[in-house]
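Okay, so here's the structure we're looking at.
The values are calculated or read from the model by the stated rules, or taken from the named source; none is laboratory data. Values in this document were obtained by computation on a predicted structure and should not be read as measured data. Protein only, heavy atoms only, side chains kept; ligands, DNA and RNA dropped before computing areas. Shrake-Rupley method; radii C 1.70, N 1.55, O 1.52, S 1.80 Å.
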Amino acid sequence: MPGYTAFHGRKRLASGTNIDVALAVKALLTVHPGADVLIFDDETGRQVDFNLSGSDAEVAARLSGGEPAKASAKRAPGRPKLGVVAREVTLLPRHWDWLNEQPGGASATLRKLVDAARTADAPRERLRRAQAATDRFMMAMLGDQPGYEEAARALYTGDAKRFQSRIGGWPADLKTHVERLAAAAFES
């Protein structure tokens with residue numbers, strides 16, 4: 001699934017990487033400065049905004065993280081090159097005692113516990129994320145459409161047939177996107 005999708009009114013403008021979508025939106029807004037354009041993160045269903053100022057190369061550099069870091073930027077704690085971020089964890093003394101007895105230390109043990117929990121809960125979590133993303137998008141773009149509330153109920157109860165019947169009359173591009181977002185919510 002592409003990472004982002006932009007809509008111009010009720011028509012899909014572009015889907016793809018953040019750079020692809022941002023440049024398509026920028027091109028449209030250059031020709032039609034007041035155009036009604038919304039961009040969504042396909043994974044979360046949340047609306048996002050991109051800084052479209054400057055040239056196409058500047059926009060692409062910003063979105064790819066290619067902008068030079070500011071010299072005054074403070075180094076973050078942890079091991080940023082490895083993707084490690086330091087944060088505070090508050091535990092009871094008995095929890096710290098147990099963690100300190102584990103091979104590899106507290107941090108390694110916590111990472112293993114989190115990974116094990118994520119793996120064990122993966123199917124349910126994938127379902128929950130698909131439902132939430134679909135519902136967020138539907139609320140933002142289709143909350144005024146006939147059948148919206150019934151479609152949302154069907155989404156959360158896993159009733160694919162009822163869901164399809166409620167979204168059948170929605171604008172084609174929006175309906176197609178909703179179906180794509182909801183696909184994981186209806187997998188058995």
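Some notes on this structure:
- Here's the list of aspartates and glutamates a cross-link from K26 could span, going by alpha-carbon distance under 20 Å and ignoring same-chain residues fewer than 8 apart: D36, D41, D42, D49, D56, E58, E67.
- Cα-based helix-to-principal-axis angle, 122-142 vs the chain, degrees rounded to 10: 40
- Carbon/sulfur fraction of accessible area - the chain, other protein chains in place, 1.4 Å, %: 54
- Distance distribution P(r), the chain, all Cα-Cα pairs, bin width 5 angstrom from 0: 1, 7, 12, 13, 12, 12, 11, 11, 10, 6, 3, 1, 0 percent.
- Note that the chain presents 65 Å² accessible area per residue, ligands and nucleic acids not counted, probe 1.4 Å.
- Acute angle (nearest 10 degrees) that the helix 172-182 long axis makes with the longest principal axis of the chain, alpha-carbon atoms: 20
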